[in-house]
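S.K.: Below is the structure I would like to discuss, written out as structure tokens.
The values are calculated or read from the model by the stated rules, or taken from the named source; none is laboratory data. Small disclaimer: the values here were computed from a predicted structure and weren't measured. FYI the Cβ positions are ideal-geometry reconstructions off the backbone, even for glycines, and counts take in every protein chain you see.
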Amino acid sequence: MTNQLGWFTARELAGLPGMPGTERAIQIRGKAEWNGRKRAGSKAIEYCLVDLPAETQAEILARSVAESNGNLPADMSAEKVEPYEADGSSRLNEKQRSVMLARLAFCREIERLAEFVSQKTAINMLLKHAEDGQLSPYLQDRIEIANDRKTESRGLSERTLKRWLSSWRAAGRDEMALAPLRQRASLDVPDWAGAFLRCYQRPTKPSVAASYAEFSGTWTGDLPSIHAVQRFLKKLSPDALNVGRMAGSKKTPAKWEAQLANTVSRAYACKALFASGIGRWNFIGEMAEVAGYTMTVLLRQVRQARRDFTLNKLQRCKQATKVRRADVFCEAWVHAVHEQVAAFAGATLSPAVEQYLAHHYPDLVQQKPRDRNATTRRKAGVRAINDAMHGLLAAADVRLNHGMTTAAPLALTQVAS
């Protein structure tokens, strides 16, 4: 076939459906029925595609589609794509670039065929040959790439091809319009989030379903589905998600958390106060700022160690059992840190601290921390001993050290395991 799709000589047409079998018969018929012209650089007469019989046109177009390379070089260099990337809002990765070029090949092929037949006919012909596996190897290999889906069967459809063409033409034939965009997670907080979290973030650790049932009974706005709620919860960090559900309650601290606060206050010669209702530890003393920072870092470390222990060792336990055993783990973790402090903590509490407390906090009350393992059976069991051992091992990489001189304040360091 000639490279110019619109015109064909008698030799090229001989034997095709709807055509005589000899060149001479085609020349006689062409002289009587079709418009012909002399081919440049040759004495041969060529005939226009639109004048040929319908079955002959269909065969010519089918062969053209089967031999087409998408009107695009297979090894398109990155130089042509880079300028578009620089002007776009985001750079393309290799996958996006390959999808874009695959879609561009189909758009150009449709436009090439549409010069001689209608766009609908061109699209239908592509779809039929794609279904029969009769496209050119270039186009056949790009069907799955252009679809960019995770489903097993990824074929072409008339709607998809028209959508690609529309996007490409609307952008002034800019191939960047065919590139798949990276999906960015929405960071917007829905208006119902606060109301749901008040039902979900409780020390009793209600399930999502139970919290949703309570929330749906009181919420007066547009009620989200439980699936929308679950998708929102997955966007939250573990710390944000478990506020109010973790051991560190805002009203009564867990025993291990109170022990950690006492350990830090002893190391830095401070007084530790727990603001009930707020759930915050306050330190009063000459080194209160350092003590507060140390408490923040140690709390972050012990809670992370608690999460890792729960996920790795307590996967098959009930939620209440997980909480109790994780408390044993944390108590052992804090004990390991306490032993380090006891080895060198010799500073005494300044009398000025007691005077400050008496003046500013005259109504201080003693509060007993919450112990979920108060019974002897839970403390002395084999599982409790095993949980405590894991806590001691997890705290092996935590150190509280003096500064350069013995008079220097304590400084928190992390030793790599």
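S.K.: Working only within the range 10-26, note down all residues that are surrounded by fewer than 20 Cβ atoms within 10 Å (Cβ to Cβ) and not in a loop (DSSP other than H, G, I, E, B).
M.R.: Arg11, Glu12, Glu23, Arg24, Ala25
S.K.: Out of (1) part of a helix (DSSP H, G or I); (2) surrounded by 13 or more Cβ atoms within 10 Å (Cβ to Cβ), the odd one out for Gln134 is which?
M.R.: Here Gln134 meets the rest and fails (1).
S.K.: Residues of the range 260-293 being under 23 Å from Arg202 (Cα atoms) and out of contact with any Phe, Trp or Tyr (no Cβ under 9 Å at 6 or more places or on another chain), which ones?
M.R.: Ser276, Gly277, Ile278, Gly279
S.K.: Any chance you could count how many residues in the range 298-317 are surrounded by 15 or more Cβ atoms within 10 Å (Cβ to Cβ), out of contact with any Leu (no Cβ under 9 Å at 6 or more places or on another chain) and closer than 19 Å to Arg280 by Cα?
M.R.: The qualifying residues number 2.
S.K.: Okay, moving on. Going residue by residue through the range 35-49, is there one that turns out to be of a type in the set (A, V, I, L, M), modelled with pLDDT of 65 or more, assigned to a helix (DSSP H, G or I) and in contact with an Asp or Glu (Cβ under 6 Å, 6 or more places away or on another chain)?
M.R.: Scanning the range 35-49, I find no residue that is of a type in the set (A, V, I, L, M), modelled with pLDDT of 65 or more, assigned to a helix (DSSP H, G or I) and in contact with an Asp or Glu (Cβ under 6 Å, 6 or more places away or on another chain), so the answer is no.
S.K.: Identify all residues within the range 130-164 that are at pLDDT below 85 and among the basic types (Lys, Arg); write none if there are none.
M.R.: Arg142, Arg149, Lys150, Arg154
S.K.: Take residues that are at pLDDT 85 or above and surrounded by 12 or more Cβ atoms within 10 Å (Cβ to Cβ) and tell me which of the helices (runs of 4 or more DSSP H) falling wholly in the range 318-394 contain 2 or more.
M.R.: 319-342, 382-394
S.K.: May I ask you to verify whether Leu135 is touching a His at 6+ places or on another chain (Cβ under 7 Å) and either touching a residue at least 60 places away in the same chain (Cβ under 8 Å) or farther than 16 Å from Ala102 by Cβ (or both)?
M.R.: On the way: touching a His at 6+ places or on another chain (Cβ under 7 Å): yes; either touching a residue at least 60 places away in the same chain (Cβ under 8 Å) or farther than 16 Å from Ala102 by Cβ (or both): yes.
Yes: the conditions hold for Leu135.
S.K.: Continuing with this model, one more query. Would you list the helices (runs of 4 or more DSSP H) that sit entirely within the range 213-297 and hold 1 or more residues that are under 32 Å from the mean Cα position of the chain (by Cα) and either modelled with pLDDT under 85 or surrounded by 15 or more Cβ atoms within 10 Å (Cβ to Cβ) (or both)?
M.R.: Where helices (runs of 4 or more DSSP H) fall fully within the range 213-297 and carry at least 1 residues being under 32 Å from the mean Cα position of the chain (by Cα) and either modelled with pLDDT under 85 or surrounded by 15 or more Cβ atoms within 10 Å (Cβ to Cβ) (or both), they are 226-235, 238-241.
S.K.: Further, regarding this structure: Could you tell me whether any residue of the range 76-89 is at pLDDT 65 or above and either β-branched (Val, Ile, Thr) or surrounded by 17 or more Cβ atoms within 10 Å (Cβ to Cβ) (or both)?
M.R.: no
S.K.: Looking at Ala177, Ala210, can you tell me which residue is in a helix (DSSP H, G or I), modelled with pLDDT of 80 or more and not assigned by TED's automatic domain parsing to the domain that holds Ile110?
M.R.: That would be Ala210, the only listed residue that is in a helix (DSSP H, G or I), modelled with pLDDT of 80 or more and not assigned by TED's automatic domain parsing to the domain that holds Ile110.
S.K.: Being within 37 Å of the chain's Cα centre (by Cα), of a type outside the set (Asp, Glu), surrounded by 10 or more Cβ atoms within 10 Å (Cβ to Cβ) and modelled with pLDDT of 80 or more is the requirement here; does Val398 meet it? If you could, list the steps in order and put the result at the bottom.
M.R.: On the way: within 37 Å of the chain's Cα centre (by Cα): yes; of a type outside the set (Asp, Glu): yes; surrounded by 10 or more Cβ atoms within 10 Å (Cβ to Cβ): yes; modelled with pLDDT of 80 or more: no.
When the stated conditions are applied, Val398 does not pass them.
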